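Report on the following structure.
Coordinate-derived values only; no laboratory data. As the structure is a computational prediction, the values presented were derived from the model and not from experiment. Positions of Cβ are backbone-derived with ideal geometry, glycine not excepted, and every protein chain shown enters the neighbour counts.
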Amino acid sequence: YIVFTDLDGTLLDHHSYSHAPAQPALNLLESLDVPVILNSSKTLQEIEHIASGLHQSYPRIAENGSLIANPDTDTVHTFGGDYERICEVLEGLRTQYGYQFKGFHDWTPEQLAKDTGLPLDAAIRAGAREGSEPIRWLDTDDRLERFRENLAAEGLTLNRGGRYWHVMWQADKAQAMEYLVKTYTVDNQRPIVIALGDGPNDKNMLAAADIAVIVYNPDGVVIDLPHREGQQVIRTTLAGPSGWNEAIQQIINT
Ligand code: 2M8
Ligand code: MG
């Protein structure tokens, strides 16, 4: 097996950011040497901080599939283009069409802390973007569709996050997962892929897994996966890390 997991609302509780209820399942996976790959919209700095709390050093996927970092080799693989170019395009569109939005690059660390509700040190990690820019849209809904087309003309995509829209290149959590599964495929033996997620931006990753675990999200929308022959889909009854624990124990012990 190999496990790919979303963080907020999946491995981490939405409110406390704790993974504690998933600890028994994490221990079980560790005893079986099953890699657990964190796959999130967060930055590498944020994920590294979380990974150090989990005492694990597997590769990790950041910014919705835009980057993969491998702590063992100290390398970062990037899908798409760079962050500075994203900000340049955003500035250009703002000047040309007068779009109303605020991006993380518009804010000082203090303003970022205020808007996200994160403590200053965590806000600084969230602001260390390398491949995607979260923006707060302050304009109308129909102008958002025009904005999306303007971005597409520059090779950029717009993806719904929790609170923000994420402007990024052609990357996604599923593509980055597939890239890593290949590196874990030895002698044509592809590991069984377990993916866990709770939100719309996890859908592609869940659809591509052998075992998809849809973690119950009391505040979120219901994720429906198209039926695929041979794929096992598990919906947890518990939310966040408790659901994570429930599903992994069930998979490993059957
Ligand atoms: C951003 O992501 C969240 C979750 O999807 C959102 O869009 O609401 C991310 O950029 C992340 O790096 C950051 O920690 C979070 C802070 O609320 O916002
Ligand atoms: Mg989530």
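Here the chain is assigned +1 on the Cβ of each Lys and Arg and -1 on the Cβ of each Asp and Glu. Its dipole about the Cα centre then comes out at about 280 debye. Residues within the reach of a label modelled at Tyr97 (point 7 angstrom out along Cα to beta-carbon, backbone nitrogen below 12 Å), restricted to region 129-153, are 139-153. What FRET efficiency would be calculated for the residue pair Thr254, His49, taking the C-beta separation as r and a Förster radius of 30 Å, to the nearest 0.05? That gives a FRET efficiency of 0.30.
Relative to the dominant Cα principal axis of the chain, helix 83-97 is inclined by about 40°.
Straight-line reach from Lys173: taking Cα to Cα under 18 Å and skipping same-chain neighbours fewer than 8 places apart, the aspartates and glutamates in range are Asp6, Asp8, Glu46, Glu48, Glu63, Asp82, Glu130, Glu133, Asp198, Asp202, Asp210, Asp224.
Computed from point charges on the beta carbon alone (+1 for Lys and Arg, -1 for Asp and Glu), the dipole magnitude for region 7-88 about its Cα centre is near 180 Debye. Look at the alpha carbon pairs under 8 Å that are at least 6 residues apart: their mean separation over the length of region 1-143 gives a relative contact order of 20 percent. When peptides 186-192, 222-228 are sorted by average Cβ neighbour count within 10 Å, with the highest value leading, the order is 222-228, 186-192. Computing FRET efficiency as 1/(1 + (r/R0)^6) for Ser18 and Asp121, where r is the C-beta to C-beta distance and R0 is 25 Å, gives about 0.90. One Cα centroid belongs to region 1-23, the other to region 110-126; the line between them spans 21 Å.
Were the residues from Glu154 through Ala207 laid out at 0.36 nm apart, the gain over their Cα-Cα distance would be 16.3 nm.
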